[in-house]
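*Asks:* Before we start, here is the structure in question, set down as C-alpha cells.
Please treat every number below as a calculation from the coordinates, not as lab data. All values derive from a computational prediction rather than experimental measurement. Please note: Cβ atoms are built from the backbone with ideal geometry, for glycine as well, and neighbour counts cover all protein chains shown.
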Amino acid sequence: MKAYRVESDQGFGAIRMVDLAPPLPGPGQVRVSLKAASLNYRDLVIAKGGYLRNQTRPVIPLSDGAGVIDAVGEGVTSWRAGDCVVANFLRDWVHGPLHERVLHSALGGAIDGVLAEQFVVPAHALVRIPDHLDFAEASTLPCAALTAWNALTAANTRAGDNVLVLGTGGVSIFALQLARAMGARVIATSSSDAKLAKARELGAHAAINYKSHPLWSSKVLELTGGVGVDHVIEIGGPGTFEQSLKSTRVGGTVSLIGFLASGDNPGIVPAILNAQTVRGIYVGSVEMFEAMNRAISVARLRPVIDRKFAFADAIKAYEYFASQAHVGKVVITRDEPAAAS
Ligand SMILES: NC(=O)c1ccc[n+]([C@@H]2O[C@H](COP(=O)([O-])OP(=O)(O)OC[C@H]3O[C@@H](n4cnc5c(N)ncnc54)[C@H](OP(=O)(O)O)[C@@H]3O)[C@@H](O)[C@H]2O)c1
C-alpha cells in the first residue's frame, strides 16, 4: 500500500511517499481503508520536529482519518467489514479523565497515523460516522471538532452565554458552530475581513479584526456591555493569552488549547483578580467523541471544508494549509483526482 512517512525534522516538504506491506489487524484490532484525512496545525509542527512530545521517527503522519473497515481481527464483535468509521486522536483514551497512560497513543505523532491507504487501530479507538456526513466531512472531526467540544462542555456552555473564538482555523470554526448549536452568542476574531464575513455567515454575532485592533479585548468588552465573555477558545497562546484574560468576565473561563501566536510574558494577573478559570484542554476521549457526534447529528452540523486535495497531492495540501489561507479545514481525499502538475 502507499503511505506517507515523516522521516526527518526537515518540514513537510521532506515527507516521503513509500510502499509498505498492508498492515494486518491482530486480535482486538480492525483495519480501515482510508477514504479521507484532514490536516491540523500540529501536523506542521510534527513535520519540523518541534512538537512537545511524541516525536517518533519514522512515523506515518496525521491523526484524523475516516474510512471503511475492510478487515477485523480475532475477537472483534463491535465492528464489521463495511462499517464507516473515524478514529479517535488519542487512540487509547476511551472514557473517563485524561490519564498519563494514554498520552503516548496519539496518532500521527507517538504512533503511526492515518496518511496511508490502510491503517490498523484497536476496535475501541473507532466511532461511527454520523449519517449525514460524507468521509471528507467526517475526517475533520477527531482533533479540531473534539477539542472544541471538550472545551465548550468542560466550561459548561449554556444558551445565552458569550463565547469568543480566536481566528478562523479548524478548532475555532468548530467552536463557533458548536457554540451556536448550544445556543451561545459568538464573537469571532480574524486577521482578515473576508474571513470575518465567512464567520458571520456561519453564525458569529460579532466580528473583530485583530490586526486593525491589536488590543481587541477593548472591542470584546464594548460588545458585552463592559462585562466580558463567559468563555474564550484560546488557540494563540503566548501572543493572545493576556488579551483573552482581559476579554473574559469575572468568574469566566479561558480554555487553553493552542500556541499559534508568539509573544512573551503574558500578564496573568487578571486571572487572579477576576477569579477566572484557566483550563488546559487536550482533544478528547472516544466517549466524548460519541456524545459530540450525537449533537452534530441532531444539529445537522456540517464541517466547513475550505479545500480538498487528492491523496497523491498530500504535500500540496500541507503547503496550502501552512499558508493559513484556509477557513475551517483542509482535507486529503482518495476520491479527488490528482491536480495536473
Ligand atoms: N490542545 C489540543 O488538544 C489542541 C487540539 C487542536 C489544535 N490545537 C492547537 O490549537 C491551535 C489551532 O489549531 P488549528 O488546527 O485549528 O489551526 P489552523 O487551522 O492552522 O488555524 C490557523 C488560524 O489561526 C489563526 N491565528 C493565527 N494567529 C492568530 C492570532 N494571533 N490571533 C488569533 N488567531 C490567530 C489564524 O486565523 P485568521 O487567518 O482568521 O487570522 C489562522 O488562519 C494550534 O496551536 C494547535 O496546535 C490544540
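*Asks:* Let me check I have the definition right: for the stretch 28-159, take the eigenvalues of the Cα gyration tensor, multiply each by 5, take square roots. What are those semi-axes in whole Å, largest first?
*Replies:* Whole-Å semi-axes of the equivalent ellipsoid: 22, 19, 15.
*Asks:* Once label points are set 7 Å from the Cα along Cα→Cβ at both Thr77 and Glu287, what is their separation, rounded to one decimal in nm?
*Replies:* Placing both labels 7 Å beyond Cα along the Cβ direction yields 2.1 nm.
*Asks:* Check the straight Cα-Cα distances from Lys48 and name the lysines below 17 Å, setting aside those fewer than 8 residues away within the same chain.
*Replies:* By straight Cα distance, Lys48 reaches Lys316.
*Asks:* What are the residues whose amide H is under 5 Å from the amide H of Thr248, where those residues sit 5 or more places off or on another chain and H is modelled from the backbone?
*Replies:* Amide H to amide H, under 5 Å and 5 or more residues apart or across chains, Thr248 pairs with Val229.
*Asks:* For Leu260, what charge total do you get from the other residues with a beta carbon under 12 Å from its beta carbon, if Lys and Arg give +1 and Asp and Glu give -1?
*Replies:* Once all neighbours under 12 Å are counted, the net charge is 0.
*Asks:* How many angstrom separate the Cα center of the stretch 33-106 from the Cα center of the stretch 170-195?
*Replies:* 26 Å
*Asks:* DSSP beta bridges in the chain, what fraction antiparallel, as a percent rounded to 5?
*Replies:* The antiparallel proportion sits near 55 percent.
*Asks:* Work from the charge dipole of the stretch 1-117 (Cβ charges, +1 for Lys and Arg, -1 for Asp and Glu, about the Cα centre) and give the residue of Leu115, Tyr41, Pro22 farthest towards its positive end.
*Replies:* Ranked along the dipole, the leading option is Tyr41.
*Asks:* Rounding to the nearest 20 debye, state how big the charge dipole of the chain is about its Cα centre with +1 on each Lys and Arg Cβ and -1 on each Asp and Glu Cβ.
*Replies:* The dipole of the chain has a size of about 480 debye.
*Asks:* Ala71's amide H: which non-local residues (gap 5+, or another chain) put their own amide H closer than 5 Å, with H modeled 1.01 Å from N in plane and none for Pro or chain starts?
*Replies:* Arg31
*Asks:* Per residue and in Å³, how big is the convex hull formed by the alpha-carbon atoms of the stretch 232-318?
*Replies:* Considering the Cα atoms of the stretch 232-318, their hull volume per residue is 157 Å³.
*Asks:* If you count the DSSP beta bridges with both ends in the stretch 43-170, what percent of them are antiparallel, to the nearest 5?
*Replies:* Restricted to the stretch 43-170, the bridges split so that about 90 percent are antiparallel.
*Asks:* Could I have the simple spin-label model distance between Asp131 and Ala21, label points 7 Å from Cα toward Cβ, reported in nm to one decimal?
*Replies:* 4.2 nm
*Asks:* Right, something else. For Lys211, give me every one of the lysines with a C-alpha distance below 24 angstrom, ignoring sequence neighbours fewer than eight places off in its own chain.
*Replies:* Within the straight-line limit of under 24 Å, Lys211 reaches these lysines: Lys195, Lys198, Lys219, Lys246, Lys329.
*Asks:* Taking the Cα atoms of the chain alone, what are Rg (to one decimal) and Dmax (as a whole number) in Å?
*Replies:* Considering the chain through its Cα atoms, Rg and Dmax are 19.7, 61 Å.
*Asks:* Rounded to the nearest 500 deg cm²/dmol, what is the calculated helix-only ellipticity per residue at 222 nm for the chain, with -39500 (n - 2.57) per DSSP H run of length n ≥ 4?
*Replies:* Mean residue ellipticity, 222 nm, calculated: -6500 deg cm²/dmol.
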